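Colleague: Sharing a structure, written as structure tokens. Questions coming.
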Amino acid sequence: MTKDNVNHPVHYMAGGIECIDAIEAATTGLVGGQAYNTGAAIKYLWRWSRKNGIEDLQKARWYIDRLITDLAGESNDKSV
């Protein structure tokens, strides 16, 4: 198999599934920042053990925290 870091990077393949396919499934029905932040968190969680280790986990946490802040803000807006 030829290495292809543009179309199918090895660090985005796991268990016969490509990360982008998992992200598309996981973000179905989400829009805007919620879709983006969810997808970005998944991306970093997906690859952490095959690419940048703790740095990728920290990046995933950053996107998760941003998503939580967004959802908490929405929750507060609905209670007014």
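Colleague: For the chain, state which trypsin sites (Lys or Arg not before Pro) are in a DSSP loop and have at most 16 other beta carbons lying within 10 Å of their beta carbon.
Modeller: Lys3, Arg50, Lys51
Colleague: Show me, for the stretch 49-55, the HN-Hα J-couplings you get by feeding each phi into the Karplus relation (A = 6.51, B = -1.76, C = 1.60, θ = phi - 60°), rounded to Hz, glycine and proline as x.
Modeller: Working through the residues one at a time gives 7, 10, 9, 10, x, 4, 4 Hz.
Colleague: Please give the calculated 222 nm ellipticity per residue for the chain, where each DSSP H segment of at least 4 residues contributes -39500 (n - 2.57) and the sum is spread over every residue; nearest 500 deg cm²/dmol?
Modeller: Computed ellipticity for the chain at 222 nm equals -20500 deg cm²/dmol.
Colleague: Still on this structure, please answer the following. Mind listing the phi-derived Karplus ³J(HN,Hα) values for the stretch 16-22, rounded to whole Hz, using 6.51, -1.76 and 1.60 with θ = phi - 60°, and x for any glycine or proline?
Modeller: x, 10, 8, 3, 4, 5, 5
Colleague: Describe numerically, in nm with one decimal, the distance between label points set 7 Å from Cα along Cα→Cβ at Ile17 and at Ile68.
Modeller: Result for the modelled spin labels: 2.4 nm.
Colleague: Sticking with this structure for a sec: So what are the ³J(HN,Hα) numbers for the stretch 23-30, from phi and the Karplus equation (6.51, -1.76, 1.60; θ = phi - 60°), rounded to whole Hz, Gly and Pro as x?
Modeller: 5, 4, 5, 5, 9, 4, x, 8
Colleague: Can you tell me the FRET efficiency between Thr2 and Arg50 if r is taken as the Cβ-Cβ distance and R0 is 22 Å, rounded to the nearest 0.05?
Modeller: The value I calculate is 0.75.
Colleague: Of all the Cα-Cα pairs you can form in the stretch 9-80, what percent are over 21 Å apart?
Modeller: 31 percent
Laboratory data are not the source of any read-out in this text; all were calculated from the coordinates shown. Note that the structure is predicted; figures quoted are calculated from it, not measured. Please note: Cβ atoms are built from the backbone with ideal geometry, for glycine as well, and neighbour counts cover all protein chains shown.
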